[in-house]
Amino acid sequence: METEKEGNKMELFSEVFGAYYQMVYQLLRLCGQEGLTREKIVRLAGRTGFGETSVYLLPKLLGEDGWPFLEQLFQEGQPVRWKSRLGRPVKRPVTLLERQWLSAAISDPRAPLFLSRELLGRLEKALEGVAPLYRQGDFRYFDRYLDGDPYDSSAYQKIFRRVLTALEEGRALEIRFQAGPHGGMEVSRTHRGVYIPLQLEFSEKDDKFRVYCKRLNHGRFAGYAVINLGRILEAFPRAEVCEQDKKKELGLLRQWIARQKCAEPAEVEISPERNGIERFLVEFSTFEKESWMEPNGCCRVKIWYPRSDETEVLIRILGFGPVVRVLGPPYFLKQVKERVAMQARRLERTGLS
């Protein structure tokens, strides 16, 4: 008997997340007491179901053969519509798995960036006694930088929410931020300007957020910029709004990002010693690349990277030592030779060579 009960639970669980269950739920919700025409129901079934849905399920959905969920609604001078037989709005109960996932999600240190304290408090109260699906301590990061953004800082949370609101509304912000060292300078500089946020991005490896912005100069377009959220010191709303539609703006931004990539990809050959191929592919998993195996058992990889990250890519490749052989392009290979020679000279001076 217990087995049968467990089987029924599993069947209900799978159906709740299935396409047909979701389709019927949306149908009952949209039909309501006002009703929908047959044509609209067919379009809804085609959009949320499969190709054969309208053939096999429509007779059942419309109560002609099977499920009496809907009934016809006749009004003079109007086409026949179908309305829900239920006298109240349809609400799907939240499953235990969903509550467990939600309990785990709100424990993420980044949750306060997207949810207000009041909402987080209500969720925590509603989920009392629900064991989280996973805990933050269950994860071990072995390739992540340790200077991630300060998610628990109230100042950081305030700035993040202002940036997020400006991005959603297409509005500008006056931003003062600290730029990193550049061009051999050891001291960072402070910049101030007017920017319209277009895209927010999270780097799992850096454990940081960055925002891609449209920069304005006296109200006119002055190029694009990438700003790390953790470097923003102040952000104040401005009256300027994005003049073009968001889809077009994002298209132009992606074209600009593509132009920031290297002219030629770095090409390397990785030998299988010391599990080199797997380690290399994991290390560069976030980069656009092309790889193939050679007859000698080595792996050839081409890596496309932003020009601003060239030094970092170079250092990370050199970190693999003799497992990796750099093949090109010529200017990249030249930098590899220069760095190796410089390191050899340092070892000679210290007497470690």
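The values are calculated or read from the model by the stated rules, or taken from the named source; none is laboratory data. Computed from a prediction, not measured in an experiment: that's the story for all the values here. Cβ atoms come from the backbone with ideal geometry, glycine included; neighbour counts cover every protein chain shown. When the accessible area is computed, the model is the full protein with side chains, heavy atoms only, and any ligands, DNA or RNA have been set aside. Shrake-Rupley method; radii C 1.70, N 1.55, O 1.52, S 1.80 Å.
Run L314 past the list (1) under 27 Å from Y212 (Cβ atoms); (2) out of contact with any Lys or Arg (no Cβ under 9 Å at 6 or more places or on another chain); (3) open to solvent by less than 60 Å² (accessible area, probe 1.4 Å); (4) hydrophobic (A, V, I, L, M, F, W, C) and report the number of the one that doesn't hold.
Here L314 clears every test but (2).
Answer with yes or no whether V326 is aliphatic (A, V, I, L, M), within 26 Å of I257 (Cα to Cα) and in contact (Cβ under 8 Å) with a residue 60 or more places away in the chain.
yes
Would you confirm whether any residue within region 198-216 is among the aliphatic types (A, V, I, L, M), closer than 25 Å to Y151 by Cβ and at pLDDT below 90?
Within region 198-216, none of the residues are among the aliphatic types (A, V, I, L, M), closer than 25 Å to Y151 by Cβ and at pLDDT below 90.
Name the one entry in D138, D108 that is among the charged types (D, E, K, R), within 30 Å of E312 (Cα to Cα) and open to solvent by less than 80 Å² (accessible area, probe 1.4 Å).
Sole residue among the options that is among the charged types (D, E, K, R), within 30 Å of E312 (Cα to Cα) and open to solvent by less than 80 Å² (accessible area, probe 1.4 Å): D108.
Does V94 count as among the aliphatic types (A, V, I, L, M), open to solvent by less than 60 Å² (accessible area, probe 1.4 Å) and at pLDDT below 95?
No; evaluated as a whole, the condition is false for this residue.
Only strands (runs of 3 or more DSSP E) wholly contained in region 210-301 count here; list those with 2 or more residues that are among the β-branched types (V, I, T) and either open to solvent by less than 50 Å² (accessible area, probe 1.4 Å) or within 23 Å of Y331 (Cβ to Cβ) (or both).
By residue number, 266-270.
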